[in-house]
Structure formats: structure tokens, C-alpha cells
Amino acid sequence: MLWLSRSLRRKLLATLLGAMVFMLLYQATVIDSRSVGGHGMALAVGAPQAGSKLAFEATAYCRGQMTASGVTVRAGIAAADPTVLPIGSVVQVGGSGVSEAYRGIYTVLDTGPEIQGREMDLYMWNCTEARKFGRRHIDVTVLRLGWRQTEIAKTSRRR
């Protein structure tokens, strides 16, 4: 360290190199463990193809009056991450973790701030029933993929 203290140029060079190393480390991309996998299912974000069967985690919600698509809430509506299942997607919910009452066809017409990746919220009229539903592993079969909001915005600007 004696060589560093004798010259102003060396001090500036060491400071500059230290700042560059800090910036490179600061801007480094870290792999999010949620996107690598978990609970035996892939949680990677990306739109599936129609007809594909995927593993999701499901919760239930009961509050709210209007969905992100502008439709009033009712049974058969689900909320999902729009990067995975765009608004307007039609899915069939099943699997061993789901009782017969919750199996069936749902339309993704809502989004949620806490819904990321392969997670889905199923709307239930009764809040007690929604709390009892908890968090479950479900199988989702994509029947029809919805529309992407960015594509709609692009086409509406062209007109």
C-alpha cells in the first residue's frame, strides 16, 4: 500500500478501478429462485400454447367489484399474471388438489399485484369459502389464449 500513498495518479486510478468494479457488480443480473422452479413445477414466466397442461398454485379471492378487464366479478373468473396467461384466456382447472366444486372452466379477466408467474386466483362469492380454499396446487389446461394488452395498444395507435 505504500506505492499507492505516494502518487496522486495512483490514488485516482485505484479509485476509478474500484468504482468500475462496484458498478459492474451492482448491475449484475441475479437469477430469481422463483423462476427456476419449486414444488416440483416450473415457475418460469412465459406464455404457454393453447392445449398445454401446466402446474399452477391457486388461491381464492372474494372482494372487488370490477376486474382489470372492466367486467364485474362473478363465478368463473380467474386472475393471473398477464405475461403467463393474458386477459381473455380460457382455462380448465383440475388436479388432485382441487375438489369437484372448484373444477371447471375459468376465464382470466383479472390481474393482481401479488400474482406472479404460474399463480392463479379463483373468484369466489363467499369470503369464508375463499379463506378455506387456502393455497393449492392445481393443473391448468389452456383452452384458448387471450389477448396481449401491448398488442391491442399497438393496433389501436395505427388506426
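What follows is calculated from the coordinates using simple rules that are stated; it is not laboratory data. Keep in mind that this is a model prediction, so the values were computed, not measured. Methodologically, a virtual Cβ is constructed for each residue, glycine included, from the backbone with ideal geometry; neighbour enumeration extends over all protein chains shown.
Which of T67, T15 comes first, and how do the rest follow, when ranked by fewest Cβ neighbours within 10 Å?
T15, T67
Compute the signed sum of charges (Lys and Arg +1, Asp and Glu -1) over the other residues within less than 13 Å, Cβ to Cβ, of L17. Intermediate results must be reported in sequence, preceding the final value.
Numbers: positive: R9, R10, K11; negative: none.
Taking every Cβ under 13 Å from that of L17, the sum is +3.
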